[in-house]
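The block underneath contains the structure these notes are about, expressed in structure tokens.
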Amino acid sequence: MKCLVLLGVFSVCAFTANAGKVYFEEKFGDDSWEKNWIYSKHPGKEFGKFVRSAGKFFTNQEEEKGIQTSQDARFYALSTKFAPFSTEGKDLVIQFTVKHEQSIDCGGGYVKVFDCSLKPEDLHGETAYRLMFGPDICGPGTKKVHVILNHNDKNHLINKDIRCKDDEYTHAYTLIIHPDNTYQVLIDNEEVQKGDLESDWDILPPKKIKDPEAKKPEDWDDRATIPDPDDKKPEDWDKPEHIPDPAASKPDDWDDEMDGEWEPPMIDNPDYKGEWKPKQIDNPAYKGTWVHPEIDNPEYSPVPDLYKQNEICGIGFDLWQVKSGTIFDNVLITDDPAIASEALAGLKAVQEGEKSAKEAKDKEEAEEAKTEDSNGDEDEDEEEADEEHEPQVEESHDEL
């Protein structure tokens, strides 16, 4: 039996006969991560640094330490490589945890997965990757989970809207790509999206296209209703929209020679009915909405192994953050969804502990602030009292 210790003190055990394989695992358990992960030195970017930390609130500081972005308004580019593997005939599971304890306003929280062409020292925004996955937040309008897949050296965004978590606590993000060309996205070990790769990404040309030879017949009538030919406009319909105010009278001091000919002001005509239109009736010639016929797309060809990644051997953080403070941890790449699921067995306890710790910390800080304000008021009162009790010295002026 093989056991893995994941997410702090929580262990995952599986019998070797049925066990999947863990290709990469990083829990940032000590400072050795700095030897295994490499910062980019790509020119022209001001990169920020990660620090090992559990943040401001936690239940077990040492066990909950990950790597935290530490500088505001910085690009971050940090990656590592491992033994290459292919996903042919098996699941690919990418999983990690994110804690935006800084109440992030704009910044990425995703990972990128690479093939062996990755040069960690030159990692930057244009570096080719095999997939990108994780949360991205920027203002109230962008709070989503990215799932971007690379096929034939072109990146393809998922066409589904997946909302990410935007609170201050630890959350786990899991992407599973199956060898039957289907996928799942899980947040905190609960499925939030699933489907098939061909339908939910515009990776391949569509199977069907509109027949370029087909055209709507000229006599096709797609009007559901038509004006009633027997409906006639009433003879008294036409009335002006505005009329002179009958209650107005020329002022007594009006001088026609000086002021010109007096005209009463105009008011809305209560009898005005607007533009007349005949009533609508059902169109007896209506044939319905014309549907453009489709044909098989000659440019489409199925890809049975659309899921397959020939080579994976790197993972990294390549992102921008306005306000730093995000903690990444518990990075896992495996071919067994069960291993990933069991690795999160203690997640809810961690989240509940964080909430309790944050509430206690917020309460403590509020009490300290209240005490400081109270002490400040007392100091001011003492200063005022001292001024009131100072001896009054009368000024003396020597007469010359």
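Throughout, read-outs are computed from the coordinates displayed, never taken from laboratory work. Everything numeric in this text was worked out from a predicted model, so none of it was measured. Please note: Cβ atoms are built from the backbone with ideal geometry, for glycine as well, and neighbour counts cover all protein chains shown.
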Please identify the trypsin sites (Lys or Arg not before Pro) of the stretch 193-262 that satisfy two criteria: DSSP loop assignment and at most 15 other Cβ atoms within 10 Å. Which are they?
LYS207, LYS215, ARG223, LYS232
What is the local net charge at THR87, summed over the other residues whose Cβ is closer than 15 Å to its Cβ (Lys, Arg +1; Asp, Glu -1)?
-4
What whole-number distance in Å separates the alpha-carbon centres of the stretch 309-375 and the stretch 249-302?
59
How are the Cα pair distances of the stretch 249-330 distributed, in percent, across 10 Å bins from 0?
8, 12, 10, 10, 10, 10, 16, 11, 8, 4
LYS239: which lysines have alpha carbons under 28 Å from its alpha carbon, excluding same-chain residues fewer than 8 sequence positions away?
LYS250, LYS273, LYS277, LYS279
Taking the Cα atoms of the chain, report the difference between the largest and smallest coordinate on each principal axis, in whole Å and largest first.
116, 101, 42
Dipole magnitude of the chain, debye to nearest 20 (Cβ charges: Lys/Arg +1, Asp/Glu -1, about Cα centre)
5520
At R0 = 35 Å, how high is the FRET efficiency between LYS35 and GLU299 if r is their beta carbon distance? Nearest 0.05 is fine.
0.10
In terms of Cα to Cα distance under 29 Å, which lysines are near enough to LYS210, apart from those fewer than 8 places away along the same chain?
LYS154, LYS160, LYS194, LYS287
Computed for the stretch 231-328: size of charge dipole around the Cα centre, +1 on C-beta of each Lys and Arg, -1 on C-beta of each Asp and Glu, debye to nearest 20, value 1340
For the chain, whose charge dipole is built from +1 on Lys and Arg Cβ atoms and -1 on Asp and Glu Cβ atoms, the candidate among TRP201, TYR307, PRO293 with its Cα farthest towards the positive end is TYR307
Order the peptides 324-332, 23-31 from the highest to the lowest mean number of other Cβ atoms within 10 Å of their residues.
324-332, 23-31
With a 10 Å cut-off between alpha carbons and a GNM built on the chain, which of GLY66, GLY139, GLY353 moves the most?
GLY139
So what are the ³J(HN,Hα) numbers for the stretch 263-275, from phi and the Karplus equation (6.51, -1.76, 1.60; θ = phi - 60°), rounded to whole Hz, Gly and Pro as x?
10, x, x, 8, 10, 5, 7, x, 8, 5, 10, x, 6
For LYS208, which lysines qualify as cross-link partners when the Cα separation must be under 20 Å and same-chain residues fewer than eight apart are set aside?
LYS216
Where does the charge balance sit around THR182 when Lys and Arg score +1, Asp and Glu -1, over other residues with C-beta under 11 Å from its C-beta?
-4
Full-extension gain in nm, GLU365 to ASP231, via 0.36 nm per residue minus C-alpha separation
40.5 nm
Highest-first arrangement of 271-279, 36-44, where packing means the average Cβ count within 10 Å:
36-44, 271-279
Integer Hz, Karplus 6.51/-1.76/1.60 couplings in order for the stretch 151-162, x for Gly and Pro:
9, 6, 6, 10, 7, 10, 7, 5, 9, 10, 9, 10
Below 8 Å, C-alpha to C-alpha, sequence gap of six or more: please give me the relative contact order for the chain in percent.
29
Listed by chain and number, the residues whose amide H is under 5 Å from that of SER324, excluding neighbours fewer than 5 places away on the same chain and using placed H, are ASP72, ALA73
GluC sites (Glu not before Pro), restricted to the stretch 150-214: which are DSSP loop and have at most 11 other Cβ atoms within 10 Å?
GLU213
Non-local amide H neighbours of LYS49 (under 5 Å, H modeled in plane, Pro and chain starts lacking H): which ones?
SER70, GLN71
Surpassing 23 Å at the alpha-carbon level, of the pairs LYS99/LYS144; LYS35/LYS119; LYS35/LYS143; LYS21/LYS112; LYS45/LYS112; LYS56/LYS370, are LYS35/LYS143
For a label point 7 Å from the Cα of PHE47 along Cα→C-beta, name the residues of the stretch 64-87 whose backbone N is under 18 Å from it.
67-82
Assuming R0 = 41 Å, can you tell me the calculated FRET efficiency for the pair LYS355 and ASN310, based on Cβ-Cβ distance, to the nearest 0.05?
0.40
